[in-house]
1. Sort out which residues of region 1-30 are part of a helix (DSSP H, G or I), farther than 27 Å from P163 by Cβ and open to solvent by 70 Å² or more (accessible area, probe 1.4 Å), and write them in order of number.
2. Mind checking whether some residue in region 205-220 is crowded, with 21+ Cβ neighbours inside 10 Å and charged (D, E, K, R)?
3. Does any residue in region 201-216 that is at negative phi and part of a helix (DSSP H, G or I) come within less than 8 Å, Cβ to Cβ, of a residue that is open to solvent by 10 Å² or more (accessible area, probe 1.4 Å) and charged (D, E, K, R) six or more places away or on a different chain, and which pairs are these?
4. What is the number of the single condition among (1) touching a residue at least 12 places away in the same chain (Cβ under 8 Å); (2) part of a helix (DSSP H, G or I); (3) open to solvent by 50 Å² or more (accessible area, probe 1.4 Å) that L33 does not meet?
5. Among the residues of region 8-46, what is the count of those that are in contact with a Ser or Thr (Cβ under 9 Å, 6 or more places away or on another chain) and more than 25 Å from T169 (Cα to Cα)?
6. Against the condition without any contact (Cβ under 8 Å) to a residue 12 or more places away in the chain, open to solvent by 10 Å² or more (accessible area, probe 1.4 Å), assigned to a helix (DSSP H, G or I) and of a type outside the set (S, T, Y), how does L101 come out, does it pass?
7. Does region 124-135 contain at least one residue that is without any contact (Cβ under 8 Å) to a residue 24 or more places away in the chain and either outside any helix (DSSP H, G or I) or under 18 Å from W227 (Cβ atoms) (or both)?
8. In region 39-76, what count of residues is obtained for those that are open to solvent by less than 10 Å² (accessible area, probe 1.4 Å) and in a loop (DSSP other than H, G, I, E, B)?
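The values are calculated or read from the model by the stated rules, or taken from the named source; none is laboratory data. Just so it is clear, the structure is predicted and the values come from calculations on it, not from any experiment. FYI the Cβ positions are ideal-geometry reconstructions off the backbone, even for glycines, and counts take in every protein chain you see. With ligands, DNA and RNA removed, areas are computed over all heavy atoms of the protein, side chains included. Shrake-Rupley method; radii C 1.70, N 1.55, O 1.52, S 1.80 Å.
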Amino acid sequence: MNTTYLRTEIRRNFRAPRFLVFVVAFPVLMFLLQANVFTKTSDPHHAEIAAVLMINMMTFGTFAAANTSGGRLALERALGWQRQLRLTPLTGFGYLGGKALSGMLVGLPALILVPLLAVTVEGVRLDAAGWVRILAGVWLGTLPLVLLGLLIGQFGTPDSMQPISMIVTLGMGFLGGLWIPLEGMPTWMHDVAQIMPTYWVLQVARPAVTSDMVVSLPTAVAALGAWTVVLGALVIRRYRKDSARV
């Protein structure tokens, strides 16, 4: 993988004001808001509830970041830049791999800032194993979400990507349990949530902070693995189809 290309992708994201607001500031502010709406500091279970909300907003932040790669891909396709890159030593694997890895790396600010506030402001306390499970689980669980963004970017246009990304991020976030805690969902909505990859990202991390409405780690990993394989295959197939037109 070309490290220069990867660094360029990451810098491009952090220079965009929309990215900094929606991917970095928004999850942080929403966590602080939800932590004082769904619970009060006087509540004996405040720290546990805040920890659940922390995981929700960490996942939302990484999901929003994951979709940025799709927007860049759509723009490059429209400008013909993707075709130019195919004529360079950069391979298709390097191109798509760089997009995917940058989509995961740019989610790190939300992955760090939200837990930092959870500890310093909301009193969340976990052991080392719990933090490792949450941080690693949410970050690695972002992979199918990144692939989803890349797949959308291979079909979308620069004008359509922003509304599509917003609909997908907010819609899957709402239905997948990021905006409404799983404990507060009606039965039908919980059933729908299990279709969403965001639900399974939560299920990787939730057992570190609660025993309510959780599934086993192998089950969650298997579900995310299935999403990754299917979306990865679709991304590669679409890229090869585009390449055949050059």
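1. Here is the first cut: in region 1-30, the ones part of a helix (DSSP H, G or I) are 3-14, 17-30.
Next, only the ones that are farther than 27 Å from P163 by Cβ stay: 3-7.
If the condition is that a residue be part of a helix (DSSP H, G or I), farther than 27 Å from P163 by Cβ and open to solvent by 70 Å² or more (accessible area, probe 1.4 Å), then T3, T4, R7 are the ones that fit.
2. The initial filter retains those residues of region 205-220 that are crowded, with 21+ Cβ neighbours inside 10 Å, namely 205-206, 209, 220.
Filter once more, so that each one left must be charged (D, E, K, R): 206.
So far as region 205-220 goes, yes, one or more of its residues are crowded, with 21+ Cβ neighbours inside 10 Å and charged (D, E, K, R).
3. Matching pairs, first to second residue: V204/R133; A205/R133; P207/R133; A208/R133.
4. So the condition that L33 fails would be (1).
5. Qualifying residue count, region 8-46: 2.
6. On the way: without any contact (Cβ under 8 Å) to a residue 12 or more places away in the chain: no; open to solvent by 10 Å² or more (accessible area, probe 1.4 Å): yes; assigned to a helix (DSSP H, G or I): yes; of a type outside the set (S, T, Y): yes.
No; evaluated as a whole, the condition is false for this residue.
7. Within region 124-135 (the criterion being without any contact (Cβ under 8 Å) to a residue 24 or more places away in the chain and either outside any helix (DSSP H, G or I) or under 18 Å from W227 (Cβ atoms) (or both)), the answer is yes, since at least one residue qualifies.
8. So the answer is 1.
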